[in-house]
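Values in this text are rule-based calculations from the coordinates and carry no lab data. This structure is a prediction, so every number in the text was calculated from the model and none was measured. Glycine gets a Cβ as well: all are built from the backbone with ideal geometry, and neighbour counts include every protein chain shown.
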Amino acid sequence: MSACASVNGESVELIPGTTVADIVGTLTGGGRGVAVARNGEVVPRSEWGTTVVKAEDRIEVLTAAQGG
């Protein structure tokens, strides 16, 4: 049975050891203008590479948009 987390409201199958940085890289291609919350708590950018996403985690990746 595989482990899944919710990323921006969608179920995503996890590879063991997947980090927040891995998810951000997949979704955005980089970290500029991006904020991440894990289970409702902001994950500081300095911790993205060491924060392992676990089964049942809720990850929200938000990107800044310009305009009005």
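In percent, what relative contact order does the chain have, based on Cα pairs under 8 Å that are 6 or more apart in sequence?
Numbers: 101 pairs, mean separation 29.5, N = 68.
Reported relative contact order: 43 percent.
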- Task: Starting from one equal scatterer on each C-alpha and no solvent at all, send me the Debye-based log10 I(q)/I(0) for segment 4-63 at q = 0.14, 0.20, 0.28 Å⁻¹, two decimals.
- Result: -0.30, -0.64, -1.36
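Compute the signed sum of charges (Lys and Arg +1, Asp and Glu -1) over the other residues within less than 13 Å, Cβ to Cβ, of GLU60.
That sum, taken over residues with Cβ under 13 Å, equals -1.
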- Query: About its Cα centre, how strong a charge dipole does the chain have in debye, to the nearest 20, once Lys and Arg get +1 and Asp and Glu get -1 at the Cβ?
  - Reply: 200 debye
- Phi-derived 3J(HN,Hα) across segment 7-12 with the Karplus relation (6.51, -1.76, 1.60, θ = phi - 60°), rounded Hz, x for Gly and Pro, is 10, 6, x, 10, 6, 10
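As a check on your grasp of the helix formula, calculate [θ] at 222 nm for the chain: sum -39500 (n - 2.57) over DSSP H runs of n ≥ 4, divide by the residue count, round to the nearest 500. Could you put the intermediate results ahead of the total?
On the way: 1 runs with 9 residues, N = 68.
Result for the chain, helices only: -3500 deg cm²/dmol.
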- Message: Which of VAL53, VAL42, VAL20 ends up with the largest GNM mean-square fluctuation for the chain, with Cα atoms connected below 10 Å?
- Response: VAL42
